[in-house]
C-alpha cells in the first residue's frame, strides 16, 4: 500500500486583520468574509459571461452554416477538452496556487471573448474559427471548474461551507436563468457586442479573484508520478460516502434529464410556441435558485444522507409527472420541483466532497467530480434523444424517471454509509498532514 504524497503548507498572502472579527467571534454568514464576497461576485459574473457566450456562439454559428447538427457539435467541442484534461487539470490545481490557476483560466477565457468580438466586428470570423475558439474555451473550463471548487473551501471555515456552496449554486442558477435572455438581447446589437460584454464580465471576474487575500492552502511538493496524478480517482474509490454521492447524482441526471426534449414537448404535446420553450427551460432553474437561496439561509444540519436520497427520488417522480403531463401549468410545476430537488442533491454532494477531502487533494477530486457531472449532462441528453427516436418521447422521458427511482433503491443498498450519514461534517476531522485517505482499500466512513 503506497503512502500519499506529503503536503507542505504555504501562505499565499498574510491574512489581513478584520476588526469586525478581532473578538474571535465566528462569522455567522460567508458574506461577512471579504474573500467570499469577491469570490461570489466573480462566480456570478463569470457564469453570466459563460451564458452570454453560449447564446452568441450558437446563434452566430447557425447563421453561418444553417446546420442544426453544428449546434450539437459546438457543445461537444467545448466539452471534449474539459473531459480529456480533467485529470491533468486536477493535478495542476493541487500542485500550484488555486487562486493563480483560476485567475489564469478566467483571464484566458476573457481574452478569447475579446478576440471573438474583434473577429465578429471585422468580419473575419468563420465557422471553423468558432469551433477553434470553442475548443479553447473548453480548455479554460477544464481548469476553471476544479480550481473554483478547491478555492471555496479555503475561503470559508468548514461550518459555513454548506451555506457557501448553496450561495455559490444560487449564483450559478441565477446566471443560467438570466444570462441567456441578456445574451439574446445584447446579440440584437451584433455578435461582437455579446462577445465584448462577455469579455468585460470575464475580465472583472479575473480581477475579483486576483484581489482575494488571506488564503492558506496545502500544496504537494512531491515529484510528479502517475499515482499522484490519479490520486483523485483513488480517493473517491476509497470513500463510500463520496463515491455514493457523486455516482447517485450522476446516474440520476443521466437517466432523468428531460431538458433535451423540451422543444418537442412545447410544440407537439403542450401545443405552445417558442415562448413555451423559454418558460419551461427557466422553470428548472427557478426551482433550483429558490431552493439554493433557502439552503443558504437555513443550511442542512441533520439526516443529510436520507435527504439526498429523498431529493433524488423526488427528482425521479417529478420527471415522470412531467413526462405524462399534457397541461402546461402541471409541466411547469413539475420542472420547478425537479430543479429544486436537484439543487438539494447538488448542495449535499458538493458539501460532502469538500468536507471529506484533504486540502492537498481537492483539485484532483474536484476535477473527477466535474468530469462525472459534465459527462452525465452530455450523455443524458444523448440518452433521451436516442430513446425518444426508438420508443417515442413520452415513454423515453417517463422510463428515465422510473430508472432514477430504481437507482435510488439500488444505491440505498450499495451505499448504506451515505444513506445513514447524519451531519455534513465528518465525525473525524480530515487530516492534511498524514497519508491521504482513500489510497488504501475501501473502508467505512465515520458517520
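Within the span defined as region 331-339, one or more residues are under 22 Å from the mean Cα position of the chain (by Cα) and surrounded by fewer than 24 Cβ atoms within 10 Å (Cβ to Cβ). Note on region 82-117: residues that are within 29 Å of residue 358 (Cβ to Cβ) and more than 21 Å from the chain's Cα centre (by Cα) amount to 2.
Return a yes/no flag: does region 210-220 have any residue that is assigned to a helix (DSSP H, G or I), at pLDDT 85 or above and surrounded by fewer than 23 Cβ atoms within 10 Å (Cβ to Cβ). Yes.
None of 88, 128 is under 20 Å from residue 151 (Cα atoms) and at pLDDT 80 or above except 88. Taking the numbered list (1) more than 21 Å from residue 172 (Cβ to Cβ); (2) surrounded by fewer than 23 Cβ atoms within 10 Å (Cβ to Cβ); (3) at pLDDT 90 or above in turn, residue 116 passes all entries but (2). Residue under question is residue 392, and the condition is that it be modelled with pLDDT under 90 and at positive phi; does it hold? Answer is yes for this residue. Exactly one residue out of 318, 409, 313 is surrounded by 24 or more Cβ atoms within 10 Å (Cβ to Cβ), assigned by TED's automatic domain parsing to the domain that holds residue 271 and at pLDDT 85 or above, and it is 318. Would region 28-36 turn up any residue that is under 30 Å from residue 189 (Cβ atoms), out of contact with any strand residue (DSSP E or B) (no Cβ under 7 Å at 6 or more places or on another chain), modelled with pLDDT of 80 or more and surrounded by 12 or more Cβ atoms within 10 Å (Cβ to Cβ)? Among the residues of region 28-36, not one is under 30 Å from residue 189 (Cβ atoms), out of contact with any strand residue (DSSP E or B) (no Cβ under 7 Å at 6 or more places or on another chain), modelled with pLDDT of 80 or more and surrounded by 12 or more Cβ atoms within 10 Å (Cβ to Cβ), which makes the answer no.
Residue 244 meets all of the listed conditions (1) closer than 27 Å to residue 349 by Cβ; (2) modelled with pLDDT under 75; (3) assigned to a helix (DSSP H, G or I) but one, namely (2). Per this entry, residue 120 is not counted among residues that are closer than 19 Å to residue 183 by Cα, under 16 Å from the mean Cα position of the chain (by Cα), assigned to a helix (DSSP H, G or I) and in contact (Cβ under 8 Å) with a residue 12 or more places away in the chain.
For region 42-57, the criterion of being without any contact (Cβ under 8 Å) to a residue 60 or more places away in the chain and crowded, with 16+ Cβ neighbours inside 10 Å is satisfied by no residue at all. When the criteria are applied in full, residue 349 meets the requirement of being touching a residue at least 60 places away in the same chain (Cβ under 8 Å) and either within 17 Å of the chain's Cα centre (by Cα) or on the phi > 0 side of the Ramachandran plot (or both).
Among the residues of region 139-146, is any crowded, with 21+ Cβ neighbours inside 10 Å and outside any helix (DSSP H, G or I)? Checking region 139-146: not a single residue is crowded, with 21+ Cβ neighbours inside 10 Å and outside any helix (DSSP H, G or I).
The values are calculated or read from the model by the stated rules, or taken from the named source; none is laboratory data. Computed from a predicted structure; not experimentally measured. No Cβ is skipped: glycine too gets one built from the backbone with ideal geometry, and neighbour counts run over all protein chains shown.
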